[in-house]
1. Starting from residues that are assigned to a loop (DSSP other than H, G, I, E, B) and crowded, with 20+ Cβ neighbours inside 10 Å, keep the ones in region 351-372 and report whichever is farthest from the chain's Cα centre (by Cα).
2. Tally up the residues in region 79-97 that are open to solvent by 30 Å² or more (accessible area, probe 1.4 Å) and hydroxyl-bearing (Ser, Thr, Tyr), please.
3. Return only the number of the condition from (1) open to solvent by 10 Å² or more (accessible area, probe 1.4 Å); (2) under 18 Å from His301 (Cα atoms) that Leu413 does not satisfy.
4. Going through region 71-92 one residue at a time, which ones are aliphatic (A, V, I, L, M) and assigned to a loop (DSSP other than H, G, I, E, B)?
5. Quick check, is Trp266 among the aromatic types (Phe, Trp, Tyr), more than 19 Å from Val224 (Cα to Cα) and surrounded by fewer than 24 Cβ atoms within 10 Å (Cβ to Cβ)?
6. Before we move on, is Asn167 under 17 Å from Pro192 (Cα atoms), among the polar types (S, T, N, Q) and open to solvent by 40 Å² or more (accessible area, probe 1.4 Å)?
7. Filter region 177-203 down to the residues that are touching a residue at least 60 places away in the same chain (Cβ under 8 Å), closer than 23 Å to His214 by Cα and surrounded by fewer than 21 Cβ atoms within 10 Å (Cβ to Cβ) and list them by number.
Amino acid sequence: MKKLIIILMLSIFFNSDSNAQTLVRGPYLQVNTSNSIVVRWDTDSTTDSRVYYGKNLNNLDMNEVLSDKVIKHKVKLTNLEPNTKYYYSVGDSSGILSASEEAQHFYTAPIPGPESTDPIRIWAIGDFGKGNQGQKDVRDAYLNYLGDSLRTNVWLWLGDNAYDDGNEQEYSDKVFDETIYSSILKNMPFWPCPGNHDYNSVCPIICTENPTHHEGVYYNIVSVPEDGEAGGTPSGLPLYYSFDYGNIHFISLNSEIGSSVEDYDWTGIMSTAGWNNSPMKAWLEEDLDQNEQPWVIAFWHQVPFSKGSHDSDDQWELYMKGMRENVVPLLESYDVDMILCGHSHVYERSYMIKGFYGSSGDFDSSVHVINGLSGNPDLGEEYIKNVDLVGGNNGTMYVVSGNGGSSTSNPELNHPIMAAADGGSSAYGSVVIEVSGNQLDLIYLKSDSTIGDKFSIVKKGIPTSDGGAISNPKEQSNLNQLKVFPHPFTDYANVYYSLNKETDVQVELLDITGKKISTVFEGTLPAGPQNHYINSNSLGISKGMYLVTVNDGNETKIEKIVKVE
């Protein structure tokens, strides 16, 4: 009997760690694609990681387990169905830490592509991490705006996510706390960029460290698609990235990687030489060149134009100046539709402009304003863009949303490019963007739930939400928009395309020399979007480059894809 008691006591002692796990952060969601998502959470001591998930709240019939003992848990769920609702719970070998509930769910993204007309709702907030009443009021105003729909497709963080220094305790208290965003983080994936306050715990101004070595609290908390797994060109770094959602291409840039050291001055705050040799510039050019999505939205922290809490004319605003003079011209040359930033604790938005990269005194409306109307759809003054004018004079919208929890007293708000602005000690708000087919609608939602501004952009030449035809000649073939994603891929890849009519189709996977590895699909398909899976494990293929071909009897389309470990 004595021996049995000793054995039981030893068992309790050695298993006390796994039985005493406490959830200290999360769960929260990252890198949401049409076939995968990342679930993250933190515990107070090391343990393995388990996620149970399924389409039925009361029957989580799938699971993913990682055996490594960690405090910061990160589990990627793969081979999910597009545009589908899943419920989930998280735990470890000792049990469930966050049980499944209605609030704990996610939607996979729709299959991305230029022909997608799925409605997309975007919520953008900047400079929010104060933990104050203004931050909570902005959150509540947005939730009231959502009403019963409760679905946000894309949540953008525009930097300065946790004040004052972006440290662990500030993120816990001002972002992940149950009184702030804890409940919505369970079902609303976010796509972040860092601000200067976040960088106080990474590499403070003016940083002289190689950006490839940047690490700290912000980078420990977020997961981003640096390998191109959500669409776009792989950046290979967590510093900046891109992703596709529906028919929108999003680009998240890093405005904090300027430096007094030329080799590390990746935004060119000291001279254009740093920018010209910047890996971020090389990546951005390739990403923009390869993009096929009709809508493009870029976002980062240091706003290029503002007369709010930060004045873009001030000589010491080197980071703002670097982004304005170096990054903006490249984006405009690819006719990017909108640039979203924070940093200045106000709301501002421009006319449709192009070709202006200087101080406010240099602005010439007769030269730089492409469309000087209000953009307000209620007045019939929507901005019109034509996708046939590639590299043409379509113009770009600039939006400042830096009052998600921060404000400033008596801002000037008189920058000449701005068509609307709001600021003041109690002026808090966020931006809501809704895209459906060929129309983008933006509203400035104030913390008292009133709408302070609105505008719309209508694009000619892309699919409309009612199924209208595409006007571009290159879109008139039967076989359209072949896309293989994620790129690169590990276990599974999706082959997406659309057909204008019922057709016999053959889909093949080839090696780089053109030798057939497998017939992915062969048969007759109806008109409409098509999707096939490539399972690298069942095919036994190793890392390297491959070709995917789709043939409809009249033409063959080819897409390259890279398999990684």
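1. Phe356
2. 2
3. Here Leu413 clears every test but (2).
4. Within region 71-92, Leu80 is the sole residue that qualifies.
5. It is false that Trp266 is among the aromatic types (Phe, Trp, Tyr), more than 19 Å from Val224 (Cα to Cα) and surrounded by fewer than 24 Cβ atoms within 10 Å (Cβ to Cβ).
6. Spelling it out, Asn167 is indeed under 17 Å from Pro192 (Cα atoms), among the polar types (S, T, N, Q) and open to solvent by 40 Å² or more (accessible area, probe 1.4 Å).
7. Asn196
Residues checked against (1) surrounded by fewer than 19 Cβ atoms within 10 Å (Cβ to Cβ); (2) in contact with a strand residue (DSSP E or B) (Cβ under 9 Å, 6 or more places away or on another chain); (3) in a strand (DSSP E or B):
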| site | (1), (2), (3) |
| --- | --- |
| Glu332 | no, yes, no |
| Ile339 | no, yes, yes |
| Ser344 | no, yes, no |
| Arg349 | no, yes, yes |
| Asp378 | yes, yes, no |
| Ser406 | no, no, no |
| Ala420 | no, yes, yes |
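The values are calculated or read from the model by the stated rules, or taken from the named source; none is laboratory data. Keep in mind the model is a prediction, meaning the values are calculated, not measured. Methodologically, a virtual Cβ is constructed for each residue, glycine included, from the backbone with ideal geometry; neighbour enumeration extends over all protein chains shown. Heavy atoms of the whole protein, side chains included, go into the accessibility calculation; ligands, DNA and RNA do not. Shrake-Rupley method; radii C 1.70, N 1.55, O 1.52, S 1.80 Å.
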